[in-house]
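Read through the structure below, which is laid out as structure tokens, and then see the notes.
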Amino acid sequence: MILIPTEAEYAINKLIKNGYDAYLVGGFVRNSLMGIDTTDCDITTSATPDEVINVFKDLKVVKTGIKHGTVTVIKNNIPLEITTFRIDENYTDNRHPESVIFTKSIRDDLARRDFTVNALAYNKEKGLVDEFGGIDDIKNSVLRAVGNAAERFNEDALRIMRAIRFSAVLGFEIEPKTKAAIFEFKDLLLNVSSERIFSELVKLIMGKNAADVICEYHEVLEVILPEIKGMAGFDQQAPHHIYDVLKHTAVALQKTEATKHLRLAVLLHDCGKPQCFSTDKNGVGHFKGHPELSAKKAKQALCRLKADNETVLNVVRLIAHHDDAIPLTEAGVKRALNSLTVQGFFDLIKLKKADNLAKGDLAKFRLSEAERLYEIGKKVIDENQCFSLKQLAIKGDDLIALGIPRGKKLGDTLEALLDAVIDGRVENDKNKLIEYLKNHIA
Ligand code: ATP
Ligand code: MG
């Protein structure tokens, strides 16, 4: 039922032979029972870190988190995280345990874990160790805190984010008491580091059940992402919209491939809408300027959450352009490829598709527009057509040789030539470009 990877089995057997207790634990056991492939495997043992180091003295050992009892043993290039059974004590600031006590009891170790489905251990000798009803909870698709949920969230508030993340990823319902504690203590998330929050947020929005979780737990997300406040229940009052801003966002997210920057872009693409709302004389809602405002708010949010620069750049660019009306012509597409980059252009099409799949039938024609943009873009790329200065058959140095001075004029001339090539007024050929320059630009 549970297939232990060879290296982990070796480590567990060796610890047991040396007189210690050792099990696979946590996500690996949970996922195995659910039939989900997992590479990460955590081992828990009664041996102290020094004893683990001693048992594996013939292997490479890295003291990854020795203070908390974790060492990483490398076997056949596979890292194995081995952590001593422990009890976490004296949490400060709803974050980290001040001290950990090593214990010889697997039950104590499982009791410190966040959710029953994560508090399962397994080895071949003893089979599954299930002290808190994790197996039943997996069977019933329920996420439940180990012990008293309120206390557990007060010890470490990140568990609040982890709860809704697991619900989104595993598709589990959160048990009522755990759910009540999530809402009661959600503000404690403000005490948790941005890095830990962001890592959970990304996993959450990648989840197969993310849309439901975003709608049901938006008040929790608003604590760490105040930029999305006001979206829930915001009636768009437009004939092509069938959902409020939040539901639209959630549905669009679920229609987007699970790539980090795409899903982040969808999550935040309309967050500026509530502030940009106006109605015309017919009572129809408009959101003038919302892509720019959403992009600005997204940048602020992602920087605060310490997202990497590349992610910020990609997400902000997509949001700023999500409503752009790119002409359905080769020239229009080439200009978009130039300004957005190739990846940015094709990502934008994915975003546009997801956005319009989350609207009513009146927006259907936008889907075929997106499809058409894709076809034109693909043709331009396949035919290696020129859309950027990098591809232009004439370079700055050529123009300098022709007597054009360095500086703004040089740049403007190159841009004018690229424009002419994109419009098909001249071929992308050096001699033809020089001739064109003499006759039309110089
Ligand atoms: P994933 O599939 O995301 O790796 P996981 O369950 O393995 O899920 P990890 O963050 O790798 O999650 O943590 C490994 C195990 O450590 C968890 O299954 C859980 O038992 C325990 N754990 C992790 N973080 C916490 C926490 N904040 N509080 C209590 N227990 C935790
Ligand atoms: Mg894990």
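The values are calculated or read from the model by the stated rules, or taken from the named source; none is laboratory data. Being a predicted model, the structure only gives us computed values, none of them experimental. No Cβ is skipped: glycine too gets one built from the backbone with ideal geometry, and neighbour counts run over all protein chains shown.
Evaluated against (1) touching a helix residue (DSSP H, G or I) at 6+ places or on another chain (Cβ under 9 Å); (2) hydrophobic (A, V, I, L, M, F, W, C); (3) touching a residue at least 24 places away in the same chain (Cβ under 8 Å), Ile12 falls short on exactly one condition, (1).
The set of residues in region 120-152 that are surrounded by 23 or more Cβ atoms within 10 Å (Cβ to Cβ), touching a residue at least 40 places away in the same chain (Cβ under 8 Å) and not in a strand (DSSP E or B) contains only Gly134.
Taking the criterion of being away from ligand 1 (no atom under 11 Å from the Cβ), assigned to a helix (DSSP H, G or I) and without any contact (Cβ under 8 Å) to a residue 24 or more places away in the chain, the only residue of region 26-51 that qualifies is Asp50.
Working only within region 174-198, note down all residues that are surrounded by fewer than 16 Cβ atoms within 10 Å (Cβ to Cβ) and outside any loop (DSSP other than H, G, I, E, B). Pro176, Lys177, Ala180, Phe183, Glu184, Asp187, Leu190, Asn191, Ser194, Glu195 - these are the residues of region 174-198 that are surrounded by fewer than 16 Cβ atoms within 10 Å (Cβ to Cβ) and outside any loop (DSSP other than H, G, I, E, B). Among all positions in region 27-40, there is at least one residue which is assigned by TED's automatic domain parsing to the domain that holds Asp109, on the phi > 0 side of the Ramachandran plot and surrounded by fewer than 13 Cβ atoms within 10 Å (Cβ to Cβ).
Here is a yes/no grid of residues against (1) of a type in the set (S, T, N, Q); (2) surrounded by fewer than 20 Cβ atoms within 10 Å (Cβ to Cβ); (3) touching a residue at least 24 places away in the same chain (Cβ under 8 Å); (4) not assigned by TED's automatic domain parsing to the domain that holds Ile197:
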{"site": "Leu264", "(1), (2), (3), (4)": "no, no, yes, yes"}
{"site": "Lys281", "(1), (2), (3), (4)": "no, yes, no, yes"}
{"site": "Gly285", "(1), (2), (3), (4)": "no, yes, yes, yes"}
{"site": "Pro291", "(1), (2), (3), (4)": "no, no, yes, yes"}
{"site": "Lys296", "(1), (2), (3), (4)": "no, yes, yes, yes"}
{"site": "Lys306", "(1), (2), (3), (4)": "no, yes, yes, yes"}
{"site": "Asn309", "(1), (2), (3), (4)": "yes, yes, no, yes"}
{"site": "Asp323", "(1), (2), (3), (4)": "no, yes, yes, yes"}
{"site": "Val342", "(1), (2), (3), (4)": "no, yes, yes, yes"}
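Checked against the criterion of being at pLDDT below 95 and closer than 30 Å to Val284 by Cα, region 220-231 contains one or more residues that satisfy it. Looking at region 63-77, which of its residues are of a type in the set (Val, Ile, Thr) and over 16 Å from Glu7 (Cα atoms)? Within region 63-77, Thr64, Ile66, Thr70 qualify. The set of residues in region 385-415 being crowded, with 18+ Cβ neighbours inside 10 Å and more than 43 Å from the chain's Cα centre (by Cα) consists of Leu399, Ile404. For the condition assigned by TED's automatic domain parsing to the domain that holds Phe365 and not polar (S, T, N, Q), Tyr217 does not qualify.
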